[in-house]
Amino acid sequence: MTTPIPELIVRPDPMQVFMFSAVTWNRHHIHYSKDAALREGLPDVVVQRGLLGNFLSRLITNWVGDGAELRRLAWKVTRSAVPGENIICRGRIMERTEAPDQKYVVCKVTASNTNEELIASGDAFVIFT
Amino acid sequence: METTVTESLLPLIGMPKVRHYEVTRRDIRHFAQAIGEEDPVHFDEDYAKTTKYGAIVAPPLFCQMLTFEDVSPQQLPEDGSPIEIDVPVPAHRTVGGGSSYEIFRRVRAGDRITATSILRDVFTKEGRGGRLYFIVVETEFSNQDNEPVARETATYIKRV
């Protein structure tokens, strides 16, 4: 049986999508121009793959606090997310080991919208220090 | 003689591009704000000194700040997508597919990071809406002591 970890709900707004593009110097127009996004068949400017990864990273760091380090995060985007909608990040512990020289946990992580459509999914490898 | 897509891609695969960057406290603050992270370990030096890190550290995926080269806008493709994935495939709409991101140590203010990016692979598949091109870019990050800091393998998808 797998154990769930506490959920994280985020709601990226246009400013956050802008800030993330700015801080990563990503000038791809689907993240700042609604016209350009619509021309490419997207519903609005879209949340960056990288920012979705950071939401999943926060899900893990909120849960483990100071006692552990996120060692690896892998995620895949399955559906576009747009600003102004809630993204619910969840995780489940799939595997854990308590070996004296190395304690670690593997979690499956997901990000879904309020219609329970999957935005991204992946896994996180966490080492307890 | 016409060059095929494969022939024009081959010389690009495996060619490393190296950049150097000195991280500031401001960079760490801005990245934390951009991802919605409020943990004072990214903002407050006095607080950070009381933690196991002993100083301000960046969030785990911070090196994404250094992944895309800051080439001039004129060098970018028309859609502004990153130069790292500007490869000669017959498709011009780009979305980010996924990532695998490893964290070896947290970045600190003052770290001098070396980012090495390599185009690892380009492959193609027929999708529901047409042909898709997958572009795989690996970026390795190390610090001033030559210690590995992070490694990201990101896959981008271009479609017609």
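All of the numbers you see were taken from the coordinates with simple rules; none came from a lab. From a predicted model like this one, the values you see are computed outputs, not experimental measurements. For neighbour counting, all protein chains shown are included, and Cβ atoms are generated from backbone atoms with ideal geometry for every residue, glycine included.
A few remarks follow.
- Rounded if a/c under 1.5, otherwise prolate or oblate - segment A:39-109, Cα gyration tensor axes: prolate
- Semi-axis lengths, Å, chain B, gyration tensor of Cα atoms, sqrt of 5 times eigenvalues: 35, 16, 13
- Taking Lys and Arg as +1 and Asp and Glu as -1, the other residues whose beta-carbon sits under 12 Å from that of B:TYR21 total -3.
- Helical contribution to [θ] at 222 nm, DSSP H n ≥ 4, -39,500 (n - 2.57), averaged over the protein assembly as shown, rounded to 500: -5500 deg cm²/dmol
- Spatial separation of Cα centroids for segment A:110-125 and segment B:9-83, in angstrom: 24
- Placing one equal scatterer on every Cα of chain A and applying the Debye formula, the log10 ratio I(q)/I(0) at q = 0.13, 0.16 Å⁻¹ is -0.56, -0.78.
- Size of charge dipole - the protein assembly as shown - debye, nearest 20, with Cβ of Lys, Arg +1 and Asp, Glu -1, no other charges: 400
- Within a straight-line Cα-Cα reach of under 29 Å, B:LYS125 can be paired with the following lysines, leaving aside sequence neighbours fewer than 8 residues apart in one chain: A:LYS34, A:LYS76, A:LYS108, B:LYS17, B:LYS158.
- Dipole magnitude (debye, nearest 20) for segment A:3-128, charges at Cβ of Lys, Arg, Asp, Glu: 200
- Across peptide A:74-86, the average count of Cβ atoms from other chains found within 10 Å of a residue's Cβ is 2.
- Near A:GLY53, once Lys and Arg are set to +1 and Asp and Glu to -1 for all other residues with Cβ below 11 Å from its Cβ, the sum equals +2.
- Alpha-carbon centroid distance for the pair segment A:1-68 / segment B:114-160, whole angstrom: 18
- Diffusion of the protein assembly as shown by Stokes-Einstein, at 20 °C in a medium of 1.002 mPa s and with Rh set to the Kirkwood radius over alpha-carbon pairs, works out to 109 µm²/s.
- Counted by Cβ distance under 15 Å from B:LEU12, the other residues give a net charge of -3, where Lys and Arg count +1 and Asp and Glu count -1.
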